[in-house]
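Visitor: Structure provided below as structure tokens; questions to follow.
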């Protein structure tokens, strides 16, 4: 086995734990666990419910009750009865047989989010797992064991069986995991943290893997990052508006109250705030130009439509985060179990497809503003925003790069949820493809971060070309943050480094914080 080493991203873990109860898990908490190393604990109320459900499972197994996946085979083999003595053996076999993943490893933050979301699901007490099994999963998360999970293999129905199987293998000392950035066997990972491997009880293998946590983990992190992009898109558009000699009149609240989409009204208000007291805009208020190009004038309408799409996705994500997605479900209050289809990823597949499309549009309009900035026939600025053009190419290839990402997004934005393919001998004859929808969505977010970073970089360069006029209060604040990390480009130098620095500012929120400190909270 190759012992791969990679940088471990989490340092200085916060000491306060997030208490999970299956009911009020928040998006911001998932991100804190996934990216900041915050630990989790199971609520006292959940412990009691979990134990009651497990007592019922043990009772039914002893009585020989036919329960799918507990005393029967799986999928198309659900008509095969499993003997009492083989029920434990069955649970290990399902993890081994379903761990058929392929492709690159899933990022650390996604795996940590998967574990946290799975624990929260189990805290609802509908899975029938033993409390010690759920506690063991929490122990993996809290001690920094990160199972190796391949990204490919889930069709998004019957849950995310393949990625969840790889994640769960480590609990029984199988599979592989990263510990402190070093890849090793699951058995060695447990030993390194002084954790004993589990011996699964009846029904536990199926309960561990039969859920939507791969999809929802990707969806949570993509949504969080998309929401972070909203304000940055308005800031970038405002910088472009100013340096392209645009007008603020299109952001008049009366226009947007006449078509009162919430996102549109918020985006327009943001751009008014950001460009307030702009000497650049005031300098040409009496010019002959009647109205601006759509990429400037219609920025609130385009950005706002994406914001409203994010609001819909946010509702879906928050419901799924606090849902029971196994099959069968145990209901301790009525002492019943029911077979159903809560593992089916259709709600997430549609939401992630919609989220990807909405994010891609932020990149689309941003790239067109970048083109206007670097094109002297449209901007009135030096070609490609650089002195001594010809000897210097300036931001020519920055626009190329943005165009490549936008075109890639267009392909990725094709909905996965319109596809389905039957599996398990046609027993599972409609699947959501939600896992692929979520994976694509995350890629679109990352591409769009790069595009908006390029627009911010070009906007800062353009502001430097207006030596006689001061930018708006918000745009000037953004410019100053960027200039602390990236110098004015007087002549050509390595461009990718500058783009990466602005993207880092975008991701950590430095630009938004500076703008809001100057003009007040953006919506």
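The values are calculated or read from the model by the stated rules, or taken from the named source; none is laboratory data. Please read all numbers here as calculations on a predicted model, not as lab measurements. Don't worry about glycine lacking a Cβ; one is built from the backbone with ideal geometry, like all the others, and counts go over all protein chains shown.
Visitor: When only residues in the stretch 51-66 that are in contact with a strand residue (DSSP E or B) (Cβ under 8 Å, 6 or more places away or on another chain) and surrounded by fewer than 21 Cβ atoms within 10 Å (Cβ to Cβ) count, which is farthest from residue 86 (Cα to Cα)?
Guide: Looking at the filtered set, the residue picked out is 56.
Visitor: Take residue 207 and decide whether it is assigned to a loop (DSSP other than H, G, I, E, B) and surrounded by 21 or more Cβ atoms within 10 Å (Cβ to Cβ).
Guide: Criteria not met by residue 207.
Visitor: Please enumerate the residues belonging to the stretch 471-499 that are within 28 Å of the chain's Cα centre (by Cα) and loosely packed, with under 15 Cβ neighbours inside 10 Å.
Guide: 485, 496, 497
Visitor: I'm checking my understanding of the structure. Among residues of the stretch 244-275 that are closer than 16 Å to residue 476 by Cβ and at pLDDT 95 or above, which one is surrounded by the fewest Cβ atoms within 10 Å (Cβ to Cβ)?
Guide: 272
Visitor: Test residue 191 against the criterion of being at pLDDT 95 or above and closer than 17 Å to residue 118 by Cα, and give yes or no.
Guide: So residue 191 does not fit the description; no.
Visitor: If you go through the stretch 24-45 one residue at a time, how many are in contact with a helix residue (DSSP H, G or I) (Cβ under 9 Å, 6 or more places away or on another chain) and either under 19 Å from residue 134 (Cα atoms) or part of a helix (DSSP H, G or I) (or both)?
Guide: 15
Visitor: If residue 435 meets every condition in (1) modelled with pLDDT under 95; (2) surrounded by 24 or more Cβ atoms within 10 Å (Cβ to Cβ) apart from one, which number is that one?
Guide: So residue 435 meets the others, but not (1).
Visitor: Which of the residues that make up the stretch 143-190 are in a strand (DSSP E or B) and under 30 Å from residue 340 (Cα atoms)?
Guide: 147, 150, 151, 152
Visitor: Give just the number: which of (1) at pLDDT 95 or above; (2) surrounded by fewer than 18 Cβ atoms within 10 Å (Cβ to Cβ) does residue 285 not satisfy?
Guide: Condition (1) is where residue 285 drops out.
Visitor: So residue 344 ticks every box in (1) farther than 30 Å from residue 60 by Cα; (2) touching a residue at least 24 places away in the same chain (Cβ under 8 Å) but one. Which box is left unticked?
Guide: Unmet condition: (1).
Visitor: Would you mind listing the helices (runs of 4 or more DSSP H) fully within the stretch 234-284 where at least 2 residues are closer than 22 Å to residue 466 by Cβ?
Guide: Where helices (runs of 4 or more DSSP H) fall fully within the stretch 234-284 and carry at least 2 residues being closer than 22 Å to residue 466 by Cβ, they are 262-274, 279-282.
Visitor: Go through the stretch 119-142 and count every residue that is in contact with a strand residue (DSSP E or B) (Cβ under 6 Å, 6 or more places away or on another chain) and not in a helix (DSSP H, G or I).
Guide: Total meeting the criteria: 3.
Visitor: Keeping to the stretch 69-118, report how many residues are farther than 30 Å from residue 24 by Cβ, in a loop (DSSP other than H, G, I, E, B) and touching a residue at least 24 places away in the same chain (Cβ under 8 Å).
Guide: The number of residues fulfilling the criteria is 6.
This table checks each residue for (1) loosely packed, with under 15 Cβ neighbours inside 10 Å; (2) modelled with pLDDT of 95 or more; (3) under 30 Å from residue 203 (Cβ atoms).
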position: 8; (1), (2), (3): no, no, no
position: 15; (1), (2), (3): yes, no, no
position: 21; (1), (2), (3): no, yes, yes
position: 27; (1), (2), (3): no, yes, no
position: 31; (1), (2), (3): no, yes, no
position: 37; (1), (2), (3): no, yes, no
position: 40; (1), (2), (3): no, yes, yes
position: 46; (1), (2), (3): no, yes, yes
position: 49; (1), (2), (3): no, yes, yes
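Visitor: OK, next. Pick out the one residue from 158, 168 that is under 17 Å from residue 102 (Cα atoms) and either out of contact with any helix residue (DSSP H, G or I) (no Cβ under 7 Å at 6 or more places or on another chain) or crowded, with 23+ Cβ neighbours inside 10 Å (or both).
Guide: Result: 168 is the single residue among 158, 168 that is under 17 Å from residue 102 (Cα atoms) and either out of contact with any helix residue (DSSP H, G or I) (no Cβ under 7 Å at 6 or more places or on another chain) or crowded, with 23+ Cβ neighbours inside 10 Å (or both).
Visitor: Being over 18 Å from residue 494 (Cα atoms) and touching a strand residue (DSSP E or B) at 6+ places or on another chain (Cβ under 8 Å) is the filter here; which residues of the stretch 355-397 pass it?
Guide: 382, 383
Visitor: Moving on. Of the residues that make up the stretch 224-241, is at least one over 29 Å from the mean Cα position of the chain (by Cα), surrounded by 17 or more Cβ atoms within 10 Å (Cβ to Cβ) and at pLDDT 95 or above?
Guide: Scanning the stretch 224-241, I find at least one residue that is over 29 Å from the mean Cα position of the chain (by Cα), surrounded by 17 or more Cβ atoms within 10 Å (Cβ to Cβ) and at pLDDT 95 or above, so the answer is yes.
Visitor: Cβ-Cβ distance below 6 Å, separation of 6 or more or different chains: which pairs start in the stretch 163-191 with a residue that is more than 24 Å from residue 211 (Cα to Cα) and end on one that is at pLDDT 95 or above and part of a helix (DSSP H, G or I)?
Guide: So the pair list comes out as 179/189; 179/192.
Visitor: Please indicate, with yes or no, whether at least one residue in the stretch 325-337 is closer than 22 Å to residue 439 by Cα and either modelled with pLDDT of 95 or more or crowded, with 21+ Cβ neighbours inside 10 Å (or both).
Guide: Yes, the stretch 325-337 contains a residue that is closer than 22 Å to residue 439 by Cα and either modelled with pLDDT of 95 or more or crowded, with 21+ Cβ neighbours inside 10 Å (or both).
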